[in-house]
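Enquirer: Can you read through this structure? Questions will come right after.
The values are calculated or read from the model by the stated rules, or taken from the named source; none is laboratory data. All figures in this text were calculated on a predicted structure; none of them were measured in a lab. We place every Cβ from the backbone using ideal geometry, glycine too, and count neighbours over all the protein chains shown. The area values use the complete protein model at the heavy-atom level, side chains included, leaving out ligands, DNA and RNA. Shrake-Rupley method; radii C 1.70, N 1.55, O 1.52, S 1.80 Å.
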Amino acid sequence: MFIIKFVLKIVRWTVVLFFASSILAVIAYRFIPVPATPLMFSRSFHQLSAGEQVRWKHSWKSLDEISPHLPVAVMASEDQWFLKHHGFDFDAIQDAIEYNKTHKKQRGGSTISQQTAKNVFLWQGKTMVRKGLETYFTFLIELFWSKQRIMEVYLNSIEMGDGIYGAEAVAMNHFSKHAADLSRAECALIAATLPNPLRFSSKHPSSYMLKRQRKIEHEMKFIPKFPKEGQDYDPNTTSGGIYHQ
């Protein structure tokens, strides 16, 4: 009986500690830059294990120091209703489920918020435990962060090439310029690689990438300009906002 009570006490305090620490981490990252992500460490570990030199290029930039075309491009490519939903696009999830029933190549329905939660707080994989935690952290960042902060963290933490993480790193290494100076076309090309940035390159784009780039540039016409912190947008308009390209 004593052992059972002791184990239950440990479990209870472990749960309390997890929820307290996760909430504190989310609140802290609302204000401070995210220095590294689990994926960055994972990639570095695999590189070392393979006897390779570690490739880790990452430089934090505020949203004001990133081209205004890039948030629009990633919304056009990854999550067109980012400004409207509260972390989850249930229509996209349902579409992905139906698509995956009849196609060998699987399609995801994750929003930018879900991808941010996964990149910053979790490991890679498709287990039910990780997916459940992704849902939990998505709820937390939507609760404690603004849409601007979610986008800022996303653009700074997402993998954009081999050992390249974030907008500034990809801009400097693939276009020899700062993230603030990226053109509309370059932002569309970067967004085109995001489904698989290790396979697709914005530095040496294939014809397929250039085709995706043109499609994203077309979609960007119907995506609202990304509002600044504290700036209002109308979530009831067809495209999700009042500031259009």
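Enquirer: Of all residues being of a type in the set (Gly, Ala, Ser) and farther than 18 Å from Asn196 by Cα in segment 152-182, which is nearest to the chain's Cα centre (by Cα)? Just the residue, please.
Expert: Of everything passing the filter in segment 152-182, Ala179 is nearest to the chain's Cα centre (by Cα).
Enquirer: Tally the residues that are touching a Leu at 6+ places or on another chain (Cβ under 7 Å) and at pLDDT 85 or above, restricting the search to segment 210-245.
Expert: So the answer is 1.
Enquirer: Within segment 118-174, which residues are of a type in the set (Asp, Glu) and in contact with a His (Cβ under 7 Å, 6 or more places away or on another chain)?
Expert: Scanning segment 118-174 gives Glu142, Glu168.
Enquirer: Moving on. Can you name the residue in segment 161-189 that is touching a residue at least 12 places away in the same chain (Cβ under 8 Å) and among the hydroxyl-bearing types (Ser, Thr, Tyr) and, of all such residues, is surrounded by the most Cβ atoms within 10 Å (Cβ to Cβ)?
Expert: Among those that are touching a residue at least 12 places away in the same chain (Cβ under 8 Å) and among the hydroxyl-bearing types (Ser, Thr, Tyr), it is Tyr165.
Enquirer: Pick from Val26, Val72: which is farther than 25 Å from Lys177 by Cβ and either in contact (Cβ under 8 Å) with a residue 24 or more places away in the chain or in contact with a strand residue (DSSP E or B) (Cβ under 8 Å, 6 or more places away or on another chain) (or both)?
Expert: Checking each option against the conditions leaves just Val26.
Enquirer: Restricting to segment 16-37, what's the tally of residues that are open to solvent by 80 Å² or more (accessible area, probe 1.4 Å), aromatic (Phe, Trp, Tyr) and not in a loop (DSSP other than H, G, I, E, B)?
Expert: 1
Enquirer: For segment 60-82: of the residues being under 16 Å from the mean Cα position of the chain (by Cα) and hydroxyl-bearing (Ser, Thr, Tyr), which is farthest from Glu217 (Cα to Cα)?
Expert: The extreme case among them is Ser62.
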